[in-house]
Amino acid sequence: MEFVTLNNGLKMPQLGFGVWQVEDEAATPAVKKALDTGYRSIDTAAIYKNEHGVGKAISLSDIPREELFITTKVWNADQGYDRTLQAFDKSLEKIGLDYVDLYLIHWPAPEHDDYIETYKAMEKLYQDGRVKAIGVCNFDTEHLQRLLDECEVKPVLNQVECHPYLAQKELKEFCQQHDIFIEAWSPLMQGGDVLNNEVITKLAEAYGKTPAQVIIRWQLQNHSIVIPKSVTPARIEENFSVFDFDLTEEDMDKINNLDRGERKGPKPSEMNMR
């Protein structure tokens, strides 16, 4: 495993395991398999409705709590100072832990304009020691700048859609300037054709790896935190087997040049659903 050091000094595994679109019952065996494979960072969210299943897998594991890195998120409908504190208590109860390592705002939902108060509630959770770090998801530069201007605790990361067809170069540059990591969701562009891209498939053949492994390695070498998701045991193992090779600078550039600004998910400024 490779680790990154967040801006508050906390160490976080650079490769984690995501459970988006995984039903609660399916989350338990999937997370257990991930933990058995070597993953230590697990990413869930209130809106995924699988926090209980994730927590069950953790309780079945004999891995010491301090070796795990657990992330969950507050949903749009629960934004606002008091609602966020209540939502956090519910999430903690479902997961069955005394604290989580990282708590994130799921979307800025700018139409409702609650994300500053939401973040201030998260600052309280951080100051009270109930979370080890706080951050955001799907924040554009303008949302991040407002957070930096109006809040006290700098977010440790911004979890956004990021894959070879959406490299997020400008947003990543802004985040790097402020010592904020980019964490890639949909790192393999779920439902897209990036795994079949000729550049990717040729590199996979050259390195004796799968297209997914090449893309995950590209993410890691681009200094992104990455959370691929799968419920298939063989794929869970495959996505973890990325620490035994390095892409050359030339091959990194080949993948960087695939960027076309293509999203599968919504634009952050337009995602206001509650």
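The values are calculated or read from the model by the stated rules, or taken from the named source; none is laboratory data. All values reported here derive from a predicted model rather than from experimental measurement. Backbone-built Cβ (ideal geometry, glycine too); neighbour counts: all protein chains shown.
Data table
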| item | result |
| --- | --- |
| Number of positions in region 125-140 that are in contact with a helix residue (DSSP H, G or I) (Cβ under 7 Å, 6 or more places away or on another chain) and in a helix (DSSP H, G or I) | 1 |
| Subset of region 215-241 that is of a type in the set (Val, Ile, Thr) and surrounded by fewer than 18 Cβ atoms within 10 Å (Cβ to Cβ) - its residue that is nearest to the chain's Cα centre (by Cα) | 231 |
| Which listed residue is out of contact with any Asp or Glu (no Cβ under 9 Å at 6 or more places or on another chain), under 30 Å from residue 112 (Cβ atoms), touching a residue at least 24 places away in the same chain (Cβ under 8 Å) and among the small types (Gly, Ala, Ser), from 261, 265 | 261 |
| Of all residues in region 205-214 being of a type in the set (A, V, I, L, M) and surrounded by 18 or more Cβ atoms within 10 Å (Cβ to Cβ), the one that is farthest from the chain's Cα centre (by Cα) | 214 |
| Per-region count, region 70-114, residues part of a loop (DSSP other than H, G, I, E, B) and out of contact with any strand residue (DSSP E or B) (no Cβ under 8 Å at 6 or more places or on another chain) | 10 |
| Subset of region 60-113 (residues that are out of contact with any Asp or Glu (no Cβ under 7 Å at 6 or more places or on another chain) and on the phi > 0 side of the Ramachandran plot) | 96, 109, 113 |
| Any chance residue 44 is out of contact with any helix residue (DSSP H, G or I) (no Cβ under 9 Å at 6 or more places or on another chain) and closer than 23 Å to residue 228 by Cβ | no |
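Residues are listed down the side, and each one gets a yes or a no for (1) touching a Pro at 6+ places or on another chain (Cβ under 8 Å); (2) surrounded by fewer than 20 Cβ atoms within 10 Å (Cβ to Cβ); (3) without any contact (Cβ under 8 Å) to a residue 60 or more places away in the chain; (4) not polar (S, T, N, Q):
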| position | (1), (2), (3), (4) |
| --- | --- |
| 34 | no, no, no, yes |
| 41 | yes, no, no, no |
| 55 | no, no, yes, yes |
| 61 | no, yes, yes, no |
| 92 | no, no, yes, yes |
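The rows are residues; the columns are (1) closer than 22 Å to residue 152 by Cβ; (2) at pLDDT below 95.
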site	(1), (2)
39	no, no
54	no, no
60	no, no
81	yes, no
95	no, no
110	yes, yes
113	yes, yes
117	yes, no
128	yes, no
